[in-house]
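As structure tokens, the structure follows; a few thoughts come after it.
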Amino acid sequence: QQQVKQSPQSLIVQKGGISIINCAYENTAFDYFPWYQQFPGKGPALLIAIRPDVSEKKEGRFTISFNKSAKQFSLHIMDSQPGDSATYFCAASKGAQKLVFGQGTRLTINP
Amino acid sequence: ETGVTQTPRHLVMGMTNKKSLKCEQHLGHNAMYWYKQSAKKPLELMFVYSLEERVENNSVPSRFSPECPNSSHLFLHLHTLQPEDSALYLCASSQLAGGYNEQFFGPGTRLTVL
């Protein structure tokens with residue numbers, strides 16, 4: 001019930017393409033869904049987050065799509081760039097409780 | 001300094017050594033966390049401190065001993081570690097105030113146990 005399942009484990013996208021990473025959760029009490037971006041040798045950095053009262057949130061080239069009935073949310077990176085190559089983690093939490101993280105997706109953008 | 005800082009950034013220790021990892025947050029947050037990141041379990045929560053009290057200990061072996069002397073500082077004391085403890089140790093902080101758990105991470109300490 002506390003798990004967040006993330007897929008795929010790794011993803012290769014051509015420059016300019018759309019990168020899509022998916023997460024699914026079981027706990028319907030979760031009400032906060034952030035995505036973190038981590039570059040090699042660095043700690044994860046908050047990229048974008050969504051609350052379940054909206055179905056989509058966009059910040060620049062990054063969009064979260066949220067499907068409450070399916071208990072799924074996804075990260076879309078439009079016009080993917082080599083600088084987007086990193087590991088991405090989805091997470092979920094209920095209120096101020098601990099974050100539950102997905103397993104991570106290693107994204108590679110080929111020039 | 002801004003955000004969350006961690007020292008040292010790299011640490012190599014033998015199995016009989018005693019060392020400590022330090023984390024400092026400059027964000028005025030009231031909760032701090034230790035995570036272990038390895039290839040097998042990418043982000044594994046170890047300890048949670050809220051208002052300087054340990055509120056969670058995820059079955060971490062006693063060779064890891066956390067300490068939170070105040071709301072800005074967090075330590076992880078290490079002794080008699082095993083090679084499988086080699087990993088990136090991440091510290092994070094958040095402000096737990098009636099909303100959601102927006103965590104900010106430090107750069108991590110890369111630990112190698114020989």
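Throughout, read-outs are computed from the coordinates displayed, never taken from laboratory work. What you are looking at is a predicted structure, and each value in this text was computed from that prediction instead of being measured. Positions of Cβ are generated from backbone atoms using ideal geometry, with glycine treated the same way; all protein chains shown enter the neighbour counts.
The radius of gyration of the Cα set in the protein assembly as shown, together with its Dmax, comes out at 17.7, 52 angstrom.
Evaluate the charge dipole of chain B about its Cα centre and quote only its size in Debye, nearest 20, assuming +1 on the Cβ of each Lys and Arg and -1 on the Cβ of each Asp and Glu.
440
The share of C-alpha pairs in chain A whose separation exceeds 16 Å stands at 55 percent. With a 10 Å cut-off around each Cβ of B:32-38, the average count of Cβ atoms from other chains is 2.
Between A:Ser7 and A:Glu59, 0.36 nm times their residue separation minus their Cα-Cα distance comes to what?
Details: separation 52, 0.36 × 52 = 18.72 nm, distance 2.17 nm.
Taking A:Ser7 through A:Glu59 to full extension adds about 16.6 nm, to one decimal.
Semi-axes of chain B's equivalent ellipsoid from the Cα gyration tensor, sqrt of 5 times each eigenvalue, largest first, rounded to whole Å?
On the way: eigenvalues 108, 38, 34 Å².
Equivalent ellipsoid semi-axes, largest first: 23, 14, 13 Å.
Can you pull the Kirkwood radius for segment B:27-78, inverse mean 1/r over Cα pairs, to one decimal in Å?
Details: mean 1/r = 0.0869 Å⁻¹.
Over segment B:27-78, the inverse of the mean reciprocal pair distance is 11.5 Å.
Averaged across the residues of B:101-109, what count of C-beta atoms belonging to other chains lies within 10 Å of each residue's C-beta?
Details: counts 11, 7, 8, 4, 7, 3, 3, 5, 0.
Neighbouring Cβ atoms belonging to other protein chains average 5 per residue here.
Taking 7 Å steps out from each Cα toward its Cβ at A:Gln14 and A:Ala45 produces label points 2.9 nm apart.
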